[in-house]
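To start, the structure under review is shown below, and the notes come after it.
No value in this document is a laboratory result; all are computed from the given coordinates. Remember, predicted model here, so these are calculated numbers, not experimental data. Quick reminder, even Gly has a Cβ in these numbers, built from the backbone with ideal geometry, and neighbours come from all protein chains shown.
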Amino acid sequence: MPRPLPPLNALPSFEAAARHLSFSRAADELRVTHGAVSRAVRNLEDHLGVQLMIRATRSVRLTPIGASYAAEIRSALEHLASATSAAAGKSSGIVSVSTIDSFAARWLMPRMFRFRQIHGDIDVRVATSERLADFVTDGIDIAIRCGGGQYPGLTTELLMKEDHFPVCSPKLLKGRCPLRSPADLARHTLLHDVFTVDWAIWLHSGGIDNVDPHRGPRFLSSDHAIQAAIRGEGVVLGRSALVGDDLAAGRLVRPFDLSLPAGFAYYVVCPPRALQRPNVKAFRDWLIAEARSNKP
């Protein structure tokens, strides 16, 4: 019995238009005209008997059915591309990863060479953003998110938990105002980032009331705040996932033992069907193994 397939030549146009939410950008990517993309999507809708995209004067958006169908079509096209590359003896494909800038800079990217050693045929492309990636419109295969772990409709696995504790350059342990107890923070610069666990919370948890928790420079990036601490510019409230490598290398030290468990953690998140693709599953498995190995 013949398979009930849609018009196959329309699928790349629909997938690109759904990813960009633009017929023009899809046309540029596919090197065809705007009208060709629009007609392809319309032909697909006519064949299915459902509306996939809502057209406005200068924009388009996906219907709920269109969003679901676009994710399935993207997966199918990527499966086809991987199979074609494998048959031709070429690279097995690309994995697009989304995470926040600080985690990419301080944990993921320093370890990527180990993934390349194992999976040299998989190209990993990392996109950093503080907003949550949209797996349909952003063309993201898998994401590393920091939160409470509640991501409806997505496959979610714990990557690592996190603690908060002060860290600083080793040279701040010496000098005229050595850091020996939390009360000594009153004579040092506090460095801040934009995350919800801040100095006020940490100081309150330790019963420390002689330190102004609001003074000191604030950085929009945790990576920049940590770099300032490494240079000896002050003390930062470090996040264990981001400062672990610097502690192991001796670039940073923990002047006190007091630690505050975070109310959130890092999770590996992806659409359920994504793990059926060998490239995405290989990257997911490597991430979990790498986090458990605790190697810098």
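Using θ = phi - 60° in the Karplus curve 6.51 cos²θ - 1.76 cosθ + 1.60, the 3J(HN,Hα) couplings for segment 270-280 round to 7, x, x, 6, 4, 6, 6, 8, x, 5, 5 Hz; x is entered for Gly and Pro. Judged by the mean number of other Cβ atoms found within 10 Å, the most tightly packed of the peptides 18-29, 197-208 leads the ranking 18-29, 197-208.
For the chain, lysine pairs separated by 8 or more sequence positions, or belonging to different chains, with Cα-Cα distances below 25 Å total 4.
For segment 162-263, the Cβ-based charge dipole about the Cα centre amounts to some 480 debye (Lys, Arg positive; Asp, Glu negative; other atoms uncharged). The length gained on full extension between ASN9 and ALA127, counted as 0.36 nm times the residue separation minus their Cα-Cα distance, comes to 39.6 nm.
Distance between the modelled labels on ASP163 and ALA183, one decimal in nanometres: 2.4 nm (7 Å Cα→Cβ projection).
Packing, taken as the mean count of other beta carbons within 10 Å per residue, orders the peptides 219-228, 139-148 from highest to lowest as 139-148, 219-228. For VAL126, nonlocal amide neighbours, meaning residues 5 or more places apart or on other chains whose placed amide H falls under 5 Å from its own, are VAL97. Electrostatic bookkeeping for LEU132 treats Lys and Arg as +1 and Asp and Glu as -1; over the other residues with beta carbon under 10 Å from its beta carbon, the sum is -1. For trypsin sites (Lys or Arg not before Pro), the sites in segment 28-67 that DSSP calls loop and that have at most 10 other Cβ atoms within 10 Å are ARG31, ARG58. Taking a sphere under 13 Å around the Cβ of SER169 and counting the other residues whose Cβ falls inside, with K and R at +1 and D and E at -1, yields a net charge of +3.
Placing +1 on the Cβ of every Lys and Arg and -1 on the Cβ of every Asp and Glu, with nothing else charged, gives the chain a dipole about its Cα centre of roughly 420 debye.
Taking all Cα pairs closer than 8 Å and separated by 6 or more residues, the relative contact order of the chain comes to 21 percent.
3J(HN,Hα) along segment 115-129, derived from phi through the Karplus expression 6.51 cos²θ - 1.76 cosθ + 1.60 where θ = phi - 60°, amounts to 5, 5, 5, 8, 10, x, 8, 10, 8, 9, 10, 9, 10, 10, 6 Hz, with x in place of Gly and Pro. At an R0 of 51 angstrom, the distance between the Cβ atoms of HIS79 and LYS174 translates into a FRET efficiency of 0.30. Projected label points at ARG25 and THR57, each 7 Å from Cα along the beta carbon direction, are separated by 2.1 nanometres. Toward the positive end of the charge dipole of the chain, with +1 on the Cβ of Lys and Arg and -1 on the Cβ of Asp and Glu, the farthest Cα among ALA289, ALA67, GLY93 is that of GLY93.
Against the set (1) 0.89; (2) 1.11; (3) 1.26, the structure's computed Cα Rg over 2.2 N^0.38 Å falls on (3). Every helix of 4 or more DSSP H residues in the chain counts as -39500 (n - 2.57), and over all residues that averages to -11000 deg cm²/dmol at 222 nm. The H on the amide N of VAL236, modeled in the peptide plane, is under 5 Å from the matching H of VAL167, LEU191, each at least 5 residues off or on a different chain. Annotation: amide H-H contacts under 5 Å for PHE219 (H modelled 1.01 Å from N, sequence separation of 5 or more, or interchain): HIS192, ASP193. Compared with the direct C-alpha span, the chain from SER293 to ASP245 gains 16.0 nm at full extension, assuming 0.36 nm per residue. Remark: relative contact order (segment 8-85) = 29 percent; criterion is Cα-Cα distance under 8 angstrom and separation of 6 or more residues.
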